[in-house]
Amino acid sequence: MADLHWKYHPALKFAVPFAAGIAAARLAQPSEAQAALLLAVSISLLALAVAGRSPLLPLILGCTVLATGALRGSMEMPPWPQMFSGEEVAGAEACGRVLDAPVLRGEEAEFTVACDSLLFMNCVVHPGSHLLVRLRDTTPFDPRLLPQPGDRVSIGGTLRVPDGPSLPGGFDQASYLAGRGTGFVMTSSRAASVQITAREELSIPERLALTAKREVRAFADTHVGGEEGAIVRALLVGDRSGIDPETAALYSRTGTVHVLSVSGLHVGVIALLLFVLVSWIPNRPVQLLLFAALIAPYVLLTGAQAPILRSAIMAVTLMGARVAGRIGRPLNALGLAALIILMLDPNALFDVGFQLSFASIAGIMLIAVPANRAVRTHLRIVGRWPVLQWLAQAVVLSASAQIATLPIVLYHFGAVSIIALVINIVVVPLYSIALGASLGGALAMPLLPALADYLGGAAALTLRLAGEVVALGAALPLASVATGAIGPVSALVLGAAVGRLAASRHLLQWLLRLTTVGLALACVLVLERVTDPIAGNDVVLYIMPWNGRTAAVLVRDTCASLYICRSPADSASQCRLLRALRRRHPVERLESIDVDTLDILNEGSNVMIVNARPREVAVPGVPLMLSATRTRPIACVGAGGDPLLQVPLLTPVERTIVLAYCGGWEVVEW
């Protein structure tokens, strides 16, 4: 256990306070000048501590790194007027460079733009993030006239900040797009609003990436085909546009959705293949250079997302340690990967993919390794049978990743897959085989089409088998349990319990602390349910976006009514909405009601609409506190000993207003 000491992991020792500084900057939102002043003070104290050989030197060094993280985080704060999640601005204009080829979905075209400038609200800003453009033109247009990668474009339309979950446990579009570097969505209803201002030549890496993506798509469509071909495109280049939503829902229910996208697992498989390939070279420095040169194109091809970068940096670091004759420490390589990614993009810290990727790998390193050692020591029969040994290692590996990511999963998704532990043992090896076959087939297609056809068939068969296993698991009644999303404090408490488990030194201590994790989970879920201002009320109102418009969902006992304004209510969206509602309410059916205006809910109803954006709810039995605290989310607060549901307003108010329901909503003094 001495290997877990901080002195063996200097990169991790810097990565933790650096990440803490970024998180502190997000909470406190200091200006760059304030963060720079804090860093200057920290550096001055550090210089004094070094000169005087103070025993507080490690603490001051940690504070200096934290201040550096805070400065880096403050540099990513938007320099334009604050916009809320889901807020729209009509008549906005954007200029930038197209990054990828347009994807056609029916009457809609979608592509990503590296945005140079945005013009809205009478100001011009430089967002520093990508712009997702959605062109919805009902009139026929020639797809060949759409912009192509490298084109400079000017776009006019409605600018929107991506939404978070509309309902508890719903899809978090903001986090999904933020993980891909996209901060805004622009929607236009006319193809003529997209004007190509210049055509630029693509760089050599960009041309190679586009060529590789076209070859992968051709291999997937020609030699694999069907839904398995769409999954191959997702595995190799991260294109999930062809995956059926129902298929994605099955994988999500069984806790195996991570295999449908390019992840660290896939980079690990490719890194293993490359290691076998380069290990025949006698010169070790040449091995390292060739290994890095071969893995870098795949990282660029898949968009250099956080899980991909993490796995690639760790692989190159461990390969470098082998070349230098040093002991490879995976935990230190993990810290180095986190430090590099956060220095390049501090906002990656708040991306769900980043959090899950690093938490799962840390759990495998800190929990699975000693647990496997304990299993071999105390269950000697496992070591005698290779099959039992492999099965035990797979179970421990899957369980460690599930335990380490439990606080993050509950915080973001509010649901836990019970059978993920078992399903992953079967699905992950099958997908690893399919990935190797697909990669080999795509490389062989230009020269050996017969071999590409054989490997494509093998990949299709393997993926079809994995799909059958997932469908069988998803059909089980307790495949996924909806617990409801937990708050940040509860997530930290549960994370502390998991951290204590990771620091266990022997089997008995590990078992006791595992029991502590279970007790912490039970306490967190009970307390979240008790303190939830919405749960337990007979009538609840949700304000949410619906097909580009605002809609309201009124929940009364076991029935929910969806009020929509001149917008079609498709059955698939209603099913997703009903599943989300059931995570918090015992809703049995959902009915749709077309209305001209949502004001009818204010008449003769014991619920009230405060604002459409951000979404706000009014609940009988819990007084509402309407305030001008614009940056805070809806939350239950205590004032004068009474619980209040605080609702931030989009418009300023002279004083805080409290409403209570007594047969109707009335202003009360407090």
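The values are calculated or read from the model by the stated rules, or taken from the named source; none is laboratory data. Please read all numbers here as calculations on a predicted model, not as lab measurements. Glycine also receives a Cβ, built like all others from the backbone with ideal geometry; neighbour counts cover every protein chain displayed. The area values use the complete protein model at the heavy-atom level, side chains included, leaving out ligands, DNA and RNA. Shrake-Rupley method; radii C 1.70, N 1.55, O 1.52, S 1.80 Å.
Determine the gain in length on full extension of the stretch Leu99-Glu468; use 0.36 nm per residue of separation and subtract their C-alpha separation, reporting nm with one decimal. Intermediate results must be reported in sequence, preceding the final value.
Working: separation 369, 0.36 × 369 = 132.84 nm, distance 3.61 nm.
Working it through step by step, the gained length comes to 129.2 nm.
For Phe184, enumerate residues with amide H under 5 Å from its amide H, sequence gap 5+ or separate chain, H modeled in the peptide plane. Result for Phe184 returns Leu132. Near Ile418, the amide H atoms lying under 5 Å from its own belong to Ser480, Val481; only residues 5 or more places off or on other chains count, and H is placed 1.01 Å from N. The distance separating the Cα centre of the stretch 407-441 from that of the stretch 251-309 comes to 17 Å. Carbon-plus-sulfur accessible fraction, the stretch 206-314 (probe radius 1.4 Å, protein heavy atoms only): 66%.
Distances between every pair of Cα atoms in the stretch 421-500, grouped in 10 Å steps from 0 to the bin holding the largest one, split as 16, 27, 22, 20, 12, 4 percent.
Using packing as a proxy for protection, rank 198-208, 93-103 so that the peptide with the highest average count of other Cβ atoms within 10 Å comes first. Kindly include the intermediate steps, with their values, before the conclusion.
Numbers: 198-208: 11.4, 93-103: 17.8.
Ranked by mean Cβ neighbours within 10 Å, highest first: 93-103, 198-208.
I need the calculated FRET efficiency for the pair Leu57 and Thr377, taking r as the beta carbon distance and R₀ as 51 Å, to the nearest 0.05. Walk me through the numbers before you get to the answer.
Details: r = 40 Å, r/R0 = 0.78.
Using R0 = 51 Å, I get an efficiency of 0.80.
Solvent exposure of Phe184, expressed as accessible area, is near 10 Å², computed with a probe of 1.4 Å over the protein chains only. Distance from the alpha carbon centroid of the stretch 361-390 to that of the stretch 505-521 works out to 17 angstrom.
Comparing Cα centroids, the stretch 12-47 and the stretch 179-240 end up 38 angstrom apart. Couplings 3J(HN,Hα) for the stretch 420-437, derived from phi with the Karplus relation 6.51 cos²θ - 1.76 cosθ + 1.60 (θ = phi - 60°), are 4, 4, 7, 4, 4, 4, 8, 6, 4, x, 5, 6, 5, 5, 4, 5, x, 5 Hz, where x marks Gly and Pro.
Express the relative contact order of the stretch 280-434 as a whole percentage, based on alpha carbon pairs under 8 Å and six or more residues apart in sequence. Walk me through the numbers before you get to the answer.
Values: 112 pairs, mean separation 26.7, N = 155.
With pairs under 8 Å counted, the relative contact order is 17 percent.
Counting Lys and Arg as +1 and Asp and Glu as -1, what is the net charge of the other residues whose Cβ lies under 14 Å from the Cβ of Leu290? Here the count lands on +2.
Taking every eigenvalue of the Cα gyration tensor of the stretch 349-461, multiplying by 5 and rooting it, what semi-axes result, largest first, whole Å? Before the final figure, lay out the partial values.
Numbers: eigenvalues 199, 103, 29 Å².
In descending order the semi-axes read 32, 23, 12 Å.
Over the stretch 178-320, all Cα pairs binned in 10 Å intervals from 0 give whole-percent P(r) values of 10, 29, 35, 19, 6, 1, 0, listed from short to long.
Count charges around Cys95 for me, please; just the other residues with Cβ under 11 Å from its Cβ, Lys/Arg as +1, Asp/Glu as -1. Numbers along the way, then the final one.
Working: positive: Arg97, Arg152; negative: Glu93, Asp116.
Taking every Cβ under 11 Å from that of Cys95, the sum is 0.
Highest mean first, what order results for 217-229, 442-454 on Cβ atoms within 10 Å?
Details: 217-229: 20.1, 442-454: 15.8.
Top of the packing list down: 217-229, 442-454.
With only Cα atoms counted, the stretch 291-373 has Rg and Dmax values of 13.3, 38 Å.
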